[in-house]
Amino acid sequence: MAAELHPPSLPLGTVLDDGTRITEFLGQSAGGESYRGEHPRFGAVVAKLLSAEVEAIVPLFANELDQLCGVMHPNLQRFYGTSRAGGRTVLVVEYVDGQTLRSALDVRIARGATFSFRSIFNLLSSVSSALAILHRVGPHGALTSENIFVQPDGRIKVVNVGYARLLFASAHREEMFAQSAYVAPELWEGGSENSRASDLYALGVLTIALAAGTHPTHDQMLPLLEEISSRFTPEMRALLETCLAHDPSSRIASADDFSYALGIVFQSLNALPSQGPQSGDSPAFRRNSSVIISAFPEPASRASVSSVPPAQLPPSGSSHPQHSSSGKHGVLDEPRWVIQKRGRDFGPYPQSEVERQLEAGEIDENTRVFDLYKKESSLLIDVPAFGDFVLDFIPRREKRRLAKGEQRSEIGRKAVRTASVVVVLLLLIAAGGFAAYLKLRPAPRIIEYGKLVRPTLDQVFEVKKPTYQALAADSALVAELFQRPDPTVGSVPEGLPSEEPEEDLAAMDLAAAGPPRKLTNDEIQTTLRTNLPRMQRCFGAELRANPDFKGATVNWSVRADGKVFNVRLESAGDSSKTLELCMIRTFRAIRFPAFNDLPMNIAFPFIVQ
């Protein structure tokens, strides 16, 4: 029964709790909705918004889902964890581009073609290698051709990690998996939970689907097994019967054992050449264990392949096949070595690629490598498969290093010699130039000290004195100033008031204040008479000190606001400095009436006639 379709629950642009931004709606099923998104750390991801039935069982698998976050393998889709959106649970996994293996198989079926032996071996090796890592945490739960992706570059990815486990354990189990031939008998007969053994059963079904070039059903399993067995060696039949055993305890023990047994099967078929590059080898095959499955041509005749006598199998008790007696790397020079460099894993690589990197200096004998077959990590020099090669390589590398060191030393010596020659040449050139300068320079002129002429300026700068408006002295005011000195004043106060800063006269808006007007003679006389007592203090002190004192002319300037500045004293005879300072102080304190014109320069004679 198909799931009822409904509009997407998450609008584009929604941001999950882990920072994932939803960018595209991919589709929906009974288990939930799938979206493409961008994770701030992992980049392109798939966000699976779980349905209510699937979300209800998430707590039962919480520990297993947490452990999946640390599972990494080049042929396994990464599981990044769970997140939340609008109060609902979302699984965040790696985004995998490409087509499903089922779609690739459909293309083959439509063309009437099947997979080559090499393609089958490489594809199953990739899947079993990924399962071996995944089974450290738990089973996949729904290993089918729909959950295996072939990427555009040919790499194989087992997908729906974690999600398939939840989906099979949910209420949608019967709805989605009842008719699938990949489901182990104990799951659809007794209602047991899926296990690693059920994944190995599905791996056997996948082998039949690839070898037979069809999508098998439950009823077709035995006929297809007989058909495949007639074309393959007895080892192939034994492997498939062990995977498809009805009793889970009778099945092959692990995905690692499946990889080993599969290698023996194809070695016995002589499907992988024992030495040298063959027409079926492609660059993708040399780079990665996951090859483009259409890259390898079919053998001319299956009968001709099955008629080839089996190759010599490895001796009993040996580890996974690695070398054959007829070649350096053997029939199974497969990508099984993961190189750990700078805190990251690279690979897997075949043995020939590891040796090439060692020769190129990209790694050394102390580089740590991980064996995907044995699941062991060790130094390269400690791996038996590389022992002889490494021991032969070290003396060659040391010889190359000595040669390069000698070459660098020779280059350094040549550089020093060249630099020395250049320095000597530069010194000779400099010495010759200096000698030429001494010879060609003119004789210096000797000037006697007494004939030195001090430069003078042609122009004479003269500050023009202001023109003062001479006022007629008020004889009564002058007489009063000299006849009535203040006898109580014995001294003149010291110090002068500082002049206030001059205003910017150009900035005055005279037109706005009315027609121009200057101070009149009466206003000046009246202001001076008003300040007569102050001036008497100055004149009285001077008369006591100098009885012959006859007076002085005071020159001052008045601004339009009535303030006095630029006070100067011109004495008619001898006068003291005290009088000058006193008059300057007195006039700076005087305030004349305001007027509307430029400052006035006034000269007033305080002189006795």
### Cα shape, the range 24-83, gyration tensor, a/c 1.5 rule
oblate
### Query
Using heavy-atom solvent-accessible surface (probe 1.4 Å) with all chains present, what is the largest-first order of ILE590, ILE607?
ILE607, ILE590
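With Cβ to Cβ distances under 13 Å as the rule, what net charge do the other residues near LYS404 carry (K, R +1; D, E -1)?
Working: positive: ARG396, ARG397, LYS399, ARG400, ARG401, ARG408; negative: GLU398, GLU406, GLU410.
That works out to +3.
Give me the number: length gained by fully extending ALA419 to LYS577, i.e. 0.36 nm times residue separation minus the C-alpha to C-alpha distance, one decimal in nm.
Details: separation 158, 0.36 × 158 = 56.88 nm, distance 8.11 nm.
That works out to 48.8 nm of additional length.
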#### Entry: Cα extents of the range 193-250 along the three principal axes, largest first (Å)
34, 23, 16
### Task
From largest accessible area down, sort THR207, THR23, THR144, THR467; use a 1.4 Å probe on the protein chains.
THR467, THR23, THR144, THR207
#### Entry: Listed residue pairs exceeding 25 Å between alpha carbons, taken from LYS518/LYS577; LYS550/LYS577; LYS48/LYS375
LYS518/LYS577; LYS48/LYS375
### Message
Give me, ordered by chain and number, the residues 5 or more places off ARG517 or on other chains with an amide H under 5 Å from its own placed amide H.
### Response
ASN596, ASP597
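Add +1 for every Lys or Arg and -1 for every Asp or Glu among the other residues with Cβ under 12 Å from the Cβ of GLU376, and state the total. Mind showing how you got there, number by number?
Values: positive: ARG336, ARG368, LYS374, LYS375; negative: ASP256, ASP371, ASP382.
Once positives and negatives cancel, what remains is +1.
The values are calculated or read from the model by the stated rules, or taken from the named source; none is laboratory data. All values derive from a computational prediction rather than experimental measurement. Heads up, the Cβs are rebuilt from the backbone with ideal geometry, glycines too, and the neighbour counts pull from every protein chain shown. The protein model used for the area step is the full one, side chains on, heavy atoms only, and it has no ligands, DNA or RNA in it. Shrake-Rupley method; radii C 1.70, N 1.55, O 1.52, S 1.80 Å.
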